[in-house]
Structure formats: structure tokens, C-alpha cells
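Asker: This is the structure, below, for whatever I ask next.
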Amino acid sequence: MGLVHNGPGQHPAVVSGRLYPWPELTESHTLITALGIALLVAVVLSWRAAREHPEAPLGTALVLVSVAHPVAWVVHGYAVWPHIVIPLGVALALMLRGARAAIESPPHDLRQGRRPREA
């Protein structure tokens, strides 16, 4: 039940039922598959680029963690937790690899080509 205002100078109308014609969008399995493939490609590319750019696997891991739960929910429904372990494990491995690469790289590599300040 709701109250609809049709515009200035008109009386509001009381309606029952759905307030909006499309209150929710249905999921698209094609889009979910495309996002899954794109995430898989991003994981592989950032894993390979971790030595030179430690920020790549860290960013990919954050995206993977933020997308893993909704995608697992749409694909598997209430059986989310067994299926979310793999993306979370991959995200943890990416974060550890990026952190290890950042620790092992010398400090001049992290300046990204900038000259040091002169005193």
C-alpha cells in the first residue's frame, strides 16, 4: 500500500500492490559468466605481474573479495559458503603474493621512476 503523488495541483492517490513496475532486476547468467571469465583473466594477469607491480594482485584480490559473495549467492543460492571458499582462498593467495613482492622489492622500485628529493 502506498501514496502516489501525480504532480503539482493534483490530489495524491492511494494505491495497493507494487509501487514500481520493476522493483528488482533479474540476474543475467550470461553477464555473470562474462564477469567470471574477466575475473579469472584478471587473476592470472595480476599473478604474473606481481613481481614488477605489487599493487596489481592487491587490487585484484579486493575486487575478487567484493564480487565473490554476490556471484556465489546468485549462482548457488543458500549454499554459498562451500562455493565461496575458492574465491576467498585465491584472494588471500593474491594478497600474500603482492605483499611478499612489495617487501622483497628495493625501495627505489617503489618510487616508480621519480628522483629522490635533494636536501
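The values are calculated or read from the model by the stated rules, or taken from the named source; none is laboratory data. Please read these numbers as outputs of a predicted model, since none were measured by experiment.
Asker: Mind checking whether some residue in the range 22-31 is farther than 30 Å from Leu3 by Cα, part of a loop (DSSP other than H, G, I, E, B), at pLDDT 80 or above and not small (Gly, Ala, Ser)?
Answerer: So the first thing to find is which residues in the range 22-31 are farther than 30 Å from Leu3 by Cα, and the list is 28-31.
If we keep only those that are part of a loop (DSSP other than H, G, I, E, B) too, we end up with 28.
Still in the running and at pLDDT 80 or above: none.
No - not one qualifying residue is present in the range 22-31.
Asker: Take the residues in the range 32-63 that are modelled with pLDDT under 85 and within 13 Å of the chain's Cα centre (by Cα), then tell me which one is farthest from Ala102 (Cα to Cα).
Answerer: Ile32
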